[in-house]
Amino acid sequence: MAVTHDDVRHVAELARLAVDEDRLDHLVAELNGILGHMDALGQVDTKEIELAAFAPSDSTPVRADSSGPLKMLAPLASFAPSVKDGFILVHRLASHEDSSDRAP
Amino acid sequence: MNASDFASLSAVALAARIGAADVTATDAVDASFERARSVGAGEDSLNLMLWSDRDLALRDAAGLEAGIAKAGKGGRLAGVPIAVKDNIATLGLPTTCASKILAGYVSPYEATAIVRLREQGAIVVGKTNMDEFAMGSSTENSAYGPARNPHDVRRVTGGSSGGSAAAVASGVVPIALGSETGGSVRQPAAFCGVVGVKPTYGRISRHGLVAFASSLDQIGPLARNVDDAALAMEIMSGEDPFDSTSSSQPVGAYRDQFMSIATNPAPLSGMKIGVPEEFFPENLDPGIRTLCERSVDALKSLGAKVIDVKLPHTPLAIPVYYIIAPAEASSNLARFDGVRYGLRSEEAKSLRDLYAITRSKGFGPEVTRRILLGTYVLSAGYYDAYYRKAQMVRALITRDFGAVFGDGVDALFTPTTPTTAFPIGGITDPYEMYLSDIFTVTANLAGVPAMSMPIGRVAGLPVGGQIIAPHFGEAAMFRVAYALEASLGPEAHQ
Amino acid sequence: MSTDRYEMVVGLEVHVQLKTKSKAFCGCSADFGAAPNVNTCPICLALPGALPVLNEKAVELASRAALALGCTLNKVSVFARKNYFYPDLPKGYQISQFDQPLASNGKLRIETSKGEKTIGITRVHMEEDAGKSLHDRYPGETAIDLNRSGVPLIEIVSEPDMRSSEEAGAYLRTLRQILHYLRVSDVSMEEGSLRVDANVSARPVGQKELGTKTEVKNMNSFSGVERALDYEFARQCALLDRGEKVSQQTLLWDANKGEARVSRSKEGSHDYRYFPEPDLLPLVLAESWINEITASIPELPADRKKRVADEYKISSDEIEQLTVTPELADYFESTARQSGDPKASANWVMGEVQAALNASGLSIDELRVRPADLAQLIKLVRDGLVSHAAGKKVFASMLETGKPAAQVAHDESLLQVGDDSALAGWIDEVIAEHPEEAKRYISGEKKLQGVLVGFVMRKSGGKADPKRVNQLLMSRADGG
C-alpha cells in the first residue's frame, strides 16, 4: 500500500498538522519507507489469534459515584492561555452559524 | 560530604546515613547541584537537566531534616536526590516532555510514582532531558538539544530517557526516573553504563506519566546498582485507583533475597536461564557478543542452567511496535491543541489555525512523523490491515514468551542493544534509528519485565546485558541481576 | 401531494445524560448549573498524564436503562476512542463504545392514532459528554465551559422502523417516560439531558430499498423533531419528484424559521479512527450482577398504568394523566390508599393539584400538600364536614399555609355541621319560625324544600351541611 501526497495531506488534516508543501515529498518518502517494512505483517498467519475466544476475566476497575474529585493544586487560570469569567476562550469558529454547530 | 563521596554512595547507603543524621539532606542536595553544575558547564555540557530549582530542593531537604529530628525517621530514601524524566508530572517544576508545545507548563498535580518516592523521603532535584514526548532512541529529538554521553561527549546517551541515564552515570543523582515504551530506559542505561528497569506493564501507575503509547508505557528507575533500582521499584510499585491499567498483584519484597545471595556460592542454582537465538544474530557486534558470553559463563558459575530458546516472532517486533505505538500516540497527543495549556499560537486568526499552527510549531519532526504515521494506520480503510493486524501479531509475540516461560525457564539473558552508543548525528534514517530498539521492544509488546545492567566495555563504551522475566516475575529478574552484578564486580565497568 | 407517493423512513439516535453524582471517568460533580469550569480536574481537563476510571453508578444506570428497553446486556463490552478535534472535547477524542456496545436488540412498544407498533432498538452504549461551547457570549471568541465534559451518557439507537413524524413523537415520549420511571435521567430536552438526532429518508411507496438518508440535528423539543421530520421528508420528496438525488448530508433545524439547512462542517472529515480505549479494560458484567440490576427495575409505565387502572378502577382517559410521571402516580396512589376513595383522589389530583402545579411551576414532589394531607381533606368532604366548594378553599389555604385540612377548615370556619341533632335543632327552629311553608312542604309541596334549606343555612350561619339538611327534611316529609 503506497502512501500518496494526497494521503499525507488528508492525514495531516485529520491530525490538525499544517504540513508545508515542500516538505510533502520528503514525508511521503519517509512514510512509504517505514510502512514498506510493515508489509511483512500481512504475511503472518494470525488465524489462531482471531479464533481464540475474547474472554477477559478482569473487568475494568470502577470508582464509587461519591468518591470525590482529584484535587488540582493550582487553578485553571494558572496554566490556561486565555480565561475570562471562568470560561476558556478560543477564536470563534469560522464555520459557525449558531450555537449548535459542532462536530458530531 | 564531598563530591566524590556523594558520587560513589548508593541510594541505600545515603538514605541510611541521612536517616541517622550522619549526613544532612541539605548536604546531599548541595552535592547533587554542585555535580550538576560541573557536568552542565561549558561546551561539553552533558545537557542532561532541563529544569531545576535549588531553593525548592533545599526547602524540601530542610523539611525532611525537621521531620527526621522530630520523628526519628525519614523514609527508605531519606534525603536522596532524584532526577525525574521531563514527561513525569511533578509539582513545582515544569513538565514539558522536552517539547515546545508544553513550554512553561507546570502540572497542578503530581504522578503517583513521585508521591510514593517523596513519601519515602526522596528529593526531586530536577527534570531531565529526553526525546520529545519519549519518541526517540538518542535524546537528539529534544527541543533543547541532545544530551551527551558522560563516557564520550561526542556520543548519544541513548533515549528517550537519555538525560536520566546520564544523570545517574555522571554522579548527579543515585536514582533517576525514566519511562519505557520501546526500550527507553534500558537502551540509554546500556549506553551510559547504568542499571535500568522496565517493570511489568501495570506494575507502576501511569497516573502522571504523559502518555505516548498507553498500552506500552511504564515508568522505570535508573540507578548505579541493582539494589538501588530494586528499592525504587518496591517503593513505586502497586495498584493505583487513578490508573485502571495498574495491577492488583501484590508487590514483592524484591530486596529481601539479596542478603542471602551475597553469601551463597551458587545463588542461581535451580534456575533455568534461556538465551534466545534471535537476539544473537550473526552480525551481532563481536565485542558485545564476547561480553554476553562472559556473562553467560558467570551465570553458569552461579549455579544457573543455561539453555537455548526460541522467540520466533522477534523479527516482527519492530514493525508491530511502529504501528501500535504511533497509532496510540496520534490519539494521546491530540490533547495538545493550544486550548487549555501549553503553547498557543499568537499568529492564529481562526480556531483551525490555532490547532494547525500551534501543533506544527510546537511538535518536532519526529513527533510529527509519528503522529502522521499513527493517524494513517488508524484511518478508514487501513485500520484492519495495520493496527488490528499488528495487535494480533503482538499476541503472537506474547505467546512466544509464554511458551518459553511456561516451559520452566525462569528468565532470559540477551544483549540490551545491537551497538554501543553511536555518535551524535550519526544516524539520520528514521527506520535505522528504530532498529536500535530491536532487542528491547519485544518485552514492551508482551508486557513482561526486563532490565539492563552493565556487563563490560567495548572500546571504552558501556555495554548492557538484558534480563527478561515472566509477568510479575521481578523477583526472579532481580535475583539474576544481583547475583550477576556481584559476580562480575568491577569487570562490569571495564 | 408528492409526499403521498413516498414513504418516510426514520431512525432516531437519542443521547441521555445519566443522573450520577460524579462524571463518567472522574470524581468531579456532574451537577448542572455551576459556574463555568468549577467542576473540572486534571482528568476531564485532559491534562498531560491524567487517566480515566469508570464510575460504577454510570454502569448501573446504563444497564438498567438498557434492560428496561428490552435489550440484551452484553457480558463483555469495550470502550473505544472516537477521535476528532473540537474545542470542548479536551482529549481530542471521546471515550465511547464502538463495535462491542453495552447492550443490543431491544424494542419499544408505541401507540399512535393508527394503533400499536413495535420499534426496534439496535443498541445502547455508554459514552462521555463533551463540554459546552458558547459562540455568542464574547464577540469574536468562543467561550468554553468544561463542567459538562465527562458527564456520563447513553446513546440509544433505534432501528429505522418509524414511518411518520407521529411515530417518531410517540417513540420519544414513550422512551422518555420509561427513562423517567427508571430514575436514570432528568430526560429534559430543555435542560439538555436528552438530545435527539434524526435520520430520515424517503422511498417510493412499495419499494424495499431504502433511500439516501440525511441527518437532522438541533431540535430542542419533541414537537420540533416532528416538524423537522415533516419538513425534511417533504424536501426529499420534492427532490425525488424532480428526478434529483438526495445527497447524504447533515442538516440543522432552525425552529424559528421552520426549516433545516445544511451544516457547514465538511463530510469526509468525519473519520473517527475508532480503536479500543487502551486506558480502560473491557467491561465484564457478572451474571449475578445482571440479575440484581434486573430485579431492581421499578414498575415501568405500561405495567403501572395497567395496575393502577385495575386496582383503583380508573378509566383509560384518566390513567394517562395520573401516570404521566412516576412521582405523580406515587402521589395519586398514596392519596387513594390513605383516603380510601380512589375516584375522589383522581378528581382532586387531576383538578386542583394539577392546577396548583401549573400555576406555581413546582414539581409534584415540591408541592406543600402531601398525599396524607390531601387524603384528610378528601375524608372531610366525604364525611360531609366540608362542602366540596369549601374544600377547594381549604385546599388553597393548605397550599399557602402548610396547615392540615381540619385545622384550616376550623380556622376559616369552613366546617359544616353534619351532626344530626344540631341540624334537627335548626330544622325545628325554622319549622317553628315558618309554619306556613313548613306545613305546605310536609303535605307535599316539594319545591319548598330549597327555601326551607335556605332558612336552615342562614340560621346555621352557613355551617349546616346542605346535603344532610335536605335528607333530614325529606325524611320529615316522609313521616319522620
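The values are calculated or read from the model by the stated rules, or taken from the named source; none is laboratory data. A quick note: this is a predicted structure, and the numbers were derived from the prediction, not measured. Positions of Cβ are generated from backbone atoms using ideal geometry, with glycine treated the same way; all protein chains shown enter the neighbour counts. Heavy atoms of the whole protein, side chains included, go into the accessibility calculation; ligands, DNA and RNA do not. Shrake-Rupley method; radii C 1.70, N 1.55, O 1.52, S 1.80 Å.
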*Where in the range B:111-228 are there strands (runs of 3 or more DSSP E), lying fully within it, with 3 or more residues that are under 30 Å from B:S487 (Cα atoms)?*
B:175-180, B:195-198, B:218-223
*State whether the residues of the range C:333-356 include one that is among the basic types (K, R) and not in a helix (DSSP H, G or I).*
no
*Got at least one residue in the range A:23-35 being facing chain C (nearest Cβ under 7 Å) and open to solvent by less than 30 Å² (accessible area, probe 1.4 Å)?*
no
*Mind counting the residues in the range C:197-233 that are assigned to a loop (DSSP other than H, G, I, E, B) and more than 22 Å from the chain's Cα centre (by Cα)?*
9
*Go through the range B:236-257 residue by residue and tally those that are more than 16 Å from the chain's Cα centre (by Cα) and closer than 21 Å to B:H207 by Cβ.*
14
*Answer yes or no: is there a residue in the range C:460-467 that is open to solvent by 70 Å² or more (accessible area, probe 1.4 Å), within 48 Å of the chain's Cα centre (by Cα), outside the structural domain of C:V386 (by TED's automatic domain parsing) and touching a residue at least 60 places away in the same chain (Cβ under 8 Å).*
yes
*asked:* Given (1) closer than 30 Å to B:A356 by Cα; (2) modelled with pLDDT of 90 or more; (3) away from chain C (no Cβ under 12 Å), identify the lone condition not met by A:M38.
replied: (2)
*Which ones in the range C:220-248 are acidic (D, E) and either open to solvent by 20 Å² or more (accessible area, probe 1.4 Å) or outside the structural domain of C:G192 (by TED's automatic domain parsing) (or both)?*
C:E226, C:D230, C:D241, C:E244
*Restricting attention to the range B:217-225, does a residue exist that is in contact with a strand residue (DSSP E or B) (Cβ under 8 Å, 6 or more places away or on another chain) and open to solvent by 10 Å² or more (accessible area, probe 1.4 Å)?*
yes
*Quick check: anything in the range A:69-84 at pLDDT 85 or above, in contact with a helix residue (DSSP H, G or I) (Cβ under 7 Å, 6 or more places away or on another chain) and facing chain C (nearest Cβ under 7 Å)?*
no
_Enumeration of residues in the range B:406-446 that are surrounded by fewer than 22 Cβ atoms within 10 Å (Cβ to Cβ) and either assigned to a helix (DSSP H, G or I) or touching a Cys at 6+ places or on another chain (Cβ under 7 Å) (or both)_ = B:G406, B:P430, B:Y431, B:E432, B:M433, B:Y434, B:L435
*Look at B:I324 and say whether it is crowded, with 24+ Cβ neighbours inside 10 Å and closer than 30 Å to A:L35 by Cβ.*
yes
*Can you tell which of B:A165, B:A169, B:A143, B:A83 is closer than 20 Å to B:S45 by Cβ, under 14 Å from the mean Cα position of the chain (by Cα) and open to solvent by 10 Å² or more (accessible area, probe 1.4 Å)?*
B:A169
_Just checking, does the range B:57-74 include any residue being within 14 Å of another protein chain (Cβ to nearest Cβ) and of a type outside the set (S, T, Y)?_
no
_Yes/no for B:R369 being farther than 28 Å from B:P454 by Cβ, touching a residue at least 12 places away in the same chain (Cβ under 8 Å) and under 24 Å from the mean Cα position of the chain (by Cα)_ = yes
*Matching residues in the range C:1-30 - criterion: being more than 12 Å from chain A (Cβ to nearest Cβ) and part of a loop (DSSP other than H, G, I, E, B)*: C:M1
*Given the residues C:I121, C:I110, C:I144, C:I156, which is the only one that is under 23 Å from C:L45 (Cα atoms) and assigned to a strand (DSSP E or B)?*
C:I144
*Out of C:K132, C:K91, C:K117, C:K107, report the one residue that is more than 24 Å from C:K19 (Cα to Cα), touching a residue at least 12 places away in the same chain (Cβ under 8 Å) and open to solvent by 10 Å² or more (accessible area, probe 1.4 Å).*
C:K117
*Just to be sure, is C:K393 part of a loop (DSSP other than H, G, I, E, B), in contact with an Asp or Glu (Cβ under 9 Å, 6 or more places away or on another chain) and free of Cβ contacts under 8 Å to residues at least 40 places away in the same chain?*
no
*Would you please name the residue that is farthest from the other protein chains (Cβ to nearest Cβ), looking only at residues in the range B:211-259 that are aromatic (F, W, Y) and under 22 Å from B:L333 (Cβ atoms)?*
B:F212
*Any hit, the range B:311-331, residues being over 30 Å from B:A262 (Cα atoms), assigned to a loop (DSSP other than H, G, I, E, B), free of Cβ contacts under 8 Å to residues at least 60 places away in the same chain and within 7 Å of another protein chain (Cβ to nearest Cβ)*: no
*Looking at B:G274, B:G287, B:G342, which one is crowded, with 17+ Cβ neighbours inside 10 Å and either more than 9 Å from every other protein chain (Cβ to nearest Cβ) or over 30 Å from B:A98 (Cα atoms) (or both)?*
B:G274
*Would you be able to say whether some residue in the range B:367-374 is within 14 Å of chain C (Cβ to nearest Cβ) and open to solvent by 20 Å² or more (accessible area, probe 1.4 Å)?*
no
*In the range B:53-103, what residues are farther than 19 Å from B:L14 by Cβ, touching a helix residue (DSSP H, G or I) at 6+ places or on another chain (Cβ under 6 Å) and assigned to a loop (DSSP other than H, G, I, E, B)?*
B:N87, B:T90, B:G92, B:T96, B:C97, B:A98, B:S99
*How many residues are more than 7 Å from chain B (Cβ to nearest Cβ), surrounded by 15 or more Cβ atoms within 10 Å (Cβ to Cβ) and in a helix (DSSP H, G or I) if we restrict to the range A:11-22?*
1
